Amino acid sequence: MCGIVGYAGPQHPEPTTRPLDVALQGLARLEYRGYDSAGVATLEGERVQVTKRAGKLQNLREVLGENPVTAGAVAIGHTRWATHGAPTDGNAHPHHGGYDGELALVHNGIIENFAALRAELERDGYTFTSDTDSEAAAHLVAREMQRTGDLTAAMRAATARLEGAFTLLAIHRDAPGTVVAARRNSPLVVGLGEGENFLGSDVAAFVDATQEALEIDQDQVVTVTADAVTVTDAEGQEITDPRRYAIDWDARAAQKGGYASFMAKEIHEQASAVADTLRGRIEGGTLQLDDMSVDESVLRSIDKIVVIACGTAAHAGSVAKYAIEHWCRIPTEVELAHEFRYRDPVVTEKTLVVAISQSGETMDTLMAVRHAREQGAKVVALCNTRGSSIPRESDAALYLHVGPEIAVASTKAYLGQIIASYLLGLYLAQVRGNLFADEIAALMEDLEQIPAQIQQVLDRADEVEQLARAMRDATSVLFLGRHVGYPTAMEGALKLKEIAYIHAEGFAAGELKHGPIALVEEGQPVFVIVPSPHGRESLHAKVVSTIQEVRARGAKTLVIAEEGDEDVVPYSDVVLRVPRTRTLFAPLLTVIPLQIFACELATVKGLDVDQPRNLAKSVTVE
Ligand code: M6R
């Protein structure tokens, strides 16, 4: 949570707009990480100037005016998702540190020992003006600066005292032209420019200014000026070869491109996003996962797979379970990452843990990855964000390549996660000899049809949007599915809850009679995801019976079914069609009408689709 941006450029003879431009543009692209308040700090001669406001970035822009200038060469900025202290102006970042407010600091994460530090600093005469944990870090760095006279050394000494998770960025009156940053369990990347350098929670902060980035490891301190970036470790030793990488995200991907919301844009990008996930995976007739660095002999020896993830990524994991068990015959469990870690799971060197995360920064998933590795398990990460913590701390990574996902509600990354799980499943089946080469080739051939089929579903978005508009006053919607339709039902319900604030629940259709059917009364909208009639016949027949059962009790049945499936027609109030594909691949198509439905319903209700209340895109606290 919280987005952080930093800039160090050349000193201009006259006041310049560049540092504040970079900070504000960076914050605009990071606002998806939290939008309770926003603020910036600059150096104006001898004065550290902090401007901050509760609420969205727009409030800050209004205070700063049209083209805000600074006399200095540096800026830091922050967009907040509140943890300690209400979302007020005073609790917004940056925070001043020092007796004269000679330092400004922004923080992402949680400082667990802040209360003790605050008491200590108050005894030393430092004045606190907020309820945040972050202000203790600001005074601590300022006190160390007073002692050492070196902002890098001050940051290092201060972070040695901190417990918890943090990314910190600081500027100081006595270090003009310099931004110093540090990280532990919280994201930070450096953007390398020409005559200017950047810092960000992720590359979106500076993607329009440079395509070259540096990864910063745990407990490293980075000192950034216009001409130099110096990375040091916790002992102050310089890291001479920090990992550089090229940013493959296009700045245009972080713009709405004519759509009403990022979510709408990302839904409509799904055909090309999935094509990008699939691109280049088959070579010489066999599946190549070049980012797969776990030894094949290890993959042959595993006897259990545990998929760990949260939210939408966990739904992708539930789809993965059906495919991996079917193709590889390896027992596969799916577990919410936060539950996995605290229940003493049975994990051995023969367990393969698959961590799924769009951001690669979800703290619950990261902690579960660490826990699994401590038990000797190998971890494969399925992630979208290069350079993020989860792939870096895993044994192997398979990237989604769906481009930046900005809307809080995950859509295209969900499809990318499912495809990546299929690729992993097929790769395991290939390495372990569970499937013949021609079987894998046939499955891949069908997967390659999926982008065109996704486009067919998107081409019918109008029908779903009309339905959503007609249902704008709905107060509760149920979603039912069986087999891979079950995670799709869960995902449809999650989308509606998180952006349209409508009570929604997803159930396994077979579970209906064991309780949930009591919820069904006259007019209750129920989405039913129907499997292909060309797959297992009994599965299809059971779901058609479910439609009849809820309809008999007055439900309004909204049915997602394959083209040509006429069995559903007599029992459906509305039928939304998807093209025919294998049962296991259907989740890539059937979820799309549910995404469109939630997006349109939230839009007609006048809600902020991309930044729903109380949420942040990337949950970097436990
Ligand atoms: O970045 P991650 O994939 O690890 O995020 C996991 C969840 O927080 C995320 O999928 C969340 O549930 C989305 N807001 C759902 O749309």
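The values are calculated or read from the model by the stated rules, or taken from the named source; none is laboratory data. Being a predicted model, the structure only gives us computed values, none of them experimental. Cβ placement follows ideal geometry from the backbone for every residue including glycine, while neighbour counts extend to all protein chains displayed. In case anyone asks, the SASA skips ligands and DNA or RNA and just uses the protein heavy atoms, side chains included. Shrake-Rupley method; radii C 1.70, N 1.55, O 1.52, S 1.80 Å.
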- Percent of beta bridges antiparallel (DSSP, the chain, rounded to nearest 5): 60
- Accessible area per residue, 1.4 Å probe, Å², for the stretch 1-136: what's the number? 37
- Message: So for each of 143-151, 68-76 I average, over its residues, the number of other beta carbons within 10 Å; can you give me the resulting order with the highest mean first?
- Response: 68-76, 143-151
- Message: Among Ala116, Ser410, Val575, whose Cα projects farthest towards the positive end of the dipole of the chain, with charges put on the beta-carbon of Lys, Arg (+1) and Asp, Glu (-1)?
- Response: Val575
- Ellipticity estimate at 222 nm from DSSP helix runs (n ≥ 4, -39,500 (n - 2.57)) divided over the chain, nearest 500: -11000 deg cm²/dmol
- Quick one: what do you get for the stretch 91-237 if you divide its Cα Rg by 2.2 N^0.38 Å? 0.99
- Item | Electrostatic dipole magnitude of the chain [Cβ: Lys, Arg +1; Asp, Glu -1; Cα centre; debye, to 20] | 1040
- Total charge of the residues flanking Pro533 in space, meaning their Cβ is under 15 Å from its Cβ, with Lys and Arg +1 and Asp and Glu -1, is 0
- Picking from Thr240, Ser545, Leu188, whose Cα lies most toward the positive end of the charge dipole for the chain (charges on Cβ: Lys, Arg +1; Asp, Glu -1)? Ser545
- Query: What is the spread of the Cα atoms of the chain along each of their three principal axes, largest first, in whole Å?
  - Reply: 76, 56, 42
- In a shell of Cβ-Cβ distance under 10 Å around Gly510, excluding Gly510 itself, what net charge do Lys and Arg (+1) and Asp and Glu (-1) give? +2
- What dipole magnitude, in Debye to the nearest 20, does the stretch 3-247 give about its Cα centre under +1 on Lys/Arg Cβ and -1 on Asp/Glu Cβ? 440
- Query: Roughly how big is the stretch 459-622's charge dipole about its Cα centre, with Cβ charges of +1 (Lys, Arg) and -1 (Asp, Glu), in debye to the nearest 20?
  - Reply: 260
- Item | Label-to-label distance, nm, for residues given as Asp291 and Ala518 (7 Å Cα→Cβ offset) | 4.6
- Message: From the phi angles alone, apply the Karplus equation (6.51, -1.76, 1.60; θ = phi - 60°) to the stretch 125-131 and give each ³J(HN,Hα) in whole Hz, x where the residue is Gly or Pro.
- Response: x, 7, 9, 9, 10, 10, 9
- Message: Considering only protein heavy atoms and a probe of 1.4 Å, how much of the accessible area of the chain is carbon and sulfur, as a whole percent?
- Response: 46
- Residues whose built amide H sits under 5 Å from the amide H of Gly360, excluding neighbours closer than 5 in sequence, are Asn384, Thr385
- Query: Which of the listed residues, His503, Val380, Met444, is farthest toward the dipole's positive end in the stretch 378-504, when Lys, Arg count +1 and Asp, Glu count -1 at the beta-carbon?
  - Reply: His503
- Would you kindly derive the ³J(HN,Hα) couplings of the stretch 222-228 from the backbone phi angles with the Karplus curve 6.51 cos²θ - 1.76 cosθ + 1.60 (θ = phi - 60°), listing them in order in whole Hz, with x for Gly and Pro? 10, 10, 10, 10, 4, 10, 9
- Item | Debye log10 I(q)/I(0) for the stretch 509-622, one point scatterer per Cα, at q = 0.09, 0.15, 0.21 Å⁻¹ | -0.31, -0.77, -1.13
- Just check the stretch 262-448 against the gyration tensor rule for me: Cα atoms, a ≥ b ≥ c as the square roots of the eigenvalues, rounded for a/c under 1.5, and otherwise prolate or oblate depending on whether a/b exceeds b/c. oblate
- Which whole-number value in Å² is the accessible area per residue of the stretch 220-292, probe 1.4 Å? 51
- Item | Of every Cα-Cα pair in the stretch 221-317, the percent that sits beyond 23 Å | 63
- Stokes-Einstein, Kirkwood over Cα pairs, the stretch 3-247, 25 °C, 0.890 mPa s; D in µm²/s equals 142
